[in-house]
1. Please find the FRET efficiency linking ALA66 to LEU347, where r is the Cβ-Cβ separation and R0 is fixed at 30 Å, and quote it to the nearest 0.05.
2. Taking only the C-alpha atoms, wrap a convex hull around segment 327-391 and report its volume per residue in Å³ as a whole number.
3. Just from its helices, what would the mean residue ellipticity at 222 nm be for the chain, if runs of 4 or more DSSP H residues each count -39500 (n - 2.57) and the sum is divided by every residue, rounded to the nearest 500 deg cm²/dmol?
4. Dividing the Cα convex hull volume of the chain by residue count, how many Å³ per residue is that?
5. Given Cβ point charges of +1 (Lys, Arg) and -1 (Asp, Glu) and nothing else, what value in debye, to the nearest 20, does the dipole of the chain about its Cα centre take?
6. For a quick check of your reading of the filter: which GluC sites (Glu not before Pro) in segment 287-392 sit in a DSSP loop and have no more than 12 other Cβ atoms within 10 Å?
7. Does anything in segment 140-155 have its amide N under 17 Å from the 7 Å Cα→Cβ label point of GLN317, and if so which residues?
8. FRET efficiency for ALA243 and GLN413, Cβ-Cβ distance as r, R0 = 45 Å, nearest 0.05?
Amino acid sequence: MMEWQWEPLDWQLADLLAESEQNDARLLRQSVRMLSHQMRGGDTCLYLPDFAGQALDNHERLPGLADWVAQLAACESVGDEHRPLVLDRDQAGAERLYFQRYWQYEQRLAERLTSLAKTRPDMPTDAWLDEQLGKLPLARRQAQAVRRAFAHGLCVISGGPGTGKTTTVSALVMLLQAWRPDIRISMAAPTGKAAARMQESVRGAAGFLGLQDQDQDLLAHEAMTLHRLLGFQYGKVGFRHHAGNPLNADVVIVDEASMIDLALMSRLLEAVRPDARLVLLGDKDQLASVEAGEVMATLCADDAGNPLRENVVVLDQVHRYAEETGISQLAQAVNGGDEQRATDILLSTDHDDVRLLSPAGMSWQGYLRGKLFERMDDGGPDSLKRFQVLCALRNGPSGVSGMNQWMEHQLAQAGRIPPRFTWYAGRPVIVTRNSPGLKLYNGDIGLTVRRAGQLRVSFPTIASAAQDGQRDLSTARLPAHETAWALTVHKSQGSEFDEVMLILPAEMSPLLTRELIYTAITRARSRLTVVGDAELLRQAISNRVQRHSGLAGRLKRLSPDWK
């Protein structure tokens, strides 16, 4: 019997949709409650075959699949696009229950992806492209990705850290402009910090690609958050850009695409012009979006039946650091599900860039205190990139809340911050609610600094090449925020740090997955310390994220004869 952790919203939605039901509303209430619960876990629907005939936590038993489907189909709230719930059957006959809005998102996204993937936009001759690519220091897969981005309306580029995604897209931008100097290119990412890193990385590729000083403006494109690109409208539903008012861009390039949920990806595809190019960059093996859906993983599925395979390029050659480093080998072991090799690498003395420390020992606490004091002594904005504590969970002693409290207590005990602290110089904060008026968005990280005797919070700016630097705001003006000495692994996506300390909980949790461990490892550039039990780490690596959606089936359904 599955243990269901119900939230008030689950009950409220169930009661709302069942209150006017003429038929037996009990099963409808149960089904809506389960659907709401599963969506909070990342599914876009309730996959009925998984639960048919099972006992619920109140010891009632769900009907068999056929009876369940028949009873739901007879409900007033279940039907077509004019009803709040949709019962959908895929090509294999599997039944799924959707909230109307998410059924629409999936339908529209599949249609737009299929349409863009089939589009063959104008492009230069093969001879011209061959000549230009021959001048650039690109690996075979990188050059292949550039070719596909030229040849297709949709191109998806996936790769782990150091595989050259940014170099590839920088080469693409440079060649697009060499071909058509007036081409309009927009670059975006889901969060402010991911957009800032994208912009910085693209500009930094100029030297590697052999651009002279006078030509480096070719890569001086502004990167922005997806919400800003689409035109977030405070207090209104939807974005300013949509199918009826598309983006004024010939090419749209989006980084960290694995972070984009179903709803936002659907809105993005609707806003891209039918004759434009869309390039999605990301790592298909990272954590999926916090909200429902795992679009990037679906698009990159290594499946002979995936109709988008010709639009996907997976970069698998590591360029950033030597493959014999501990971080690289550990990431490969975790991604491959080899839990024994992963723990062997962490416990071995062969690599000085990775290690596993027991939570029962005191050495990790002393090391962490030293790192905290170093960050306080540094005090500059770059200190946010040098060392970061990541936690698997939000709550508990080893979660973000507990670790932030512990670290501030250590600083107070050492006299580095005042007792009964609230604000102090050196305090890192993370924004937890979008504030378009302040140009701050959920996930943006700033550092508290003292300016002319006043405490202010300094955030990196990404508005333009001329405005690179920091933007200071009064502490009183900040939207909802939290202390960020420790971050969840989810919140760290889109960022990289010189050194990472990953804190695992004392007990196994459904949130501890292979994808979470891999994502945490790949946030570290030079050094990784894992604090946790080796057996628990092995369990986490063997626990994979499984999300249900109908997107893959819809893509196949829309292109049955497409080769």
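Where a number appears in this text, it was derived from the coordinates with a stated rule and is not lab data. Just so it is clear, the structure is predicted and the values come from calculations on it, not from any experiment. Positions of Cβ are backbone-derived with ideal geometry, glycine not excepted, and every protein chain shown enters the neighbour counts.
1. Details: r = 52 Å, r/R0 = 1.73.
Computed FRET efficiency for ALA66 and LEU347 comes out at 0.05.
2. Numbers: hull volume 7.7 nm³, N = 65.
So the per-residue hull volume is 118 Å³.
3. On the way: 20 runs with 210 residues, N = 563.
About -11000 deg cm²/dmol.
4. Numbers: hull volume 97.5 nm³, N = 563.
For the chain, the hull spanned by Cα atoms encloses 173 Å³ per residue.
5. Values: 63 positive and 69 negative charges, 288 e Å.
Dipole size: approximately 1380 debye.
6. Details: sites: GLU291, GLU294, GLU310, GLU323, GLU324, GLU339, GLU374; in loops: GLU291, GLU294, GLU323, GLU324.
Passing sites in segment 287-392 are GLU323, GLU324.
7. 140-148, by backbone N distance to the label point.
8. Numbers: r = 58 Å, r/R0 = 1.28.
Step by step, r from the Cβ atoms, then E = 0.20.
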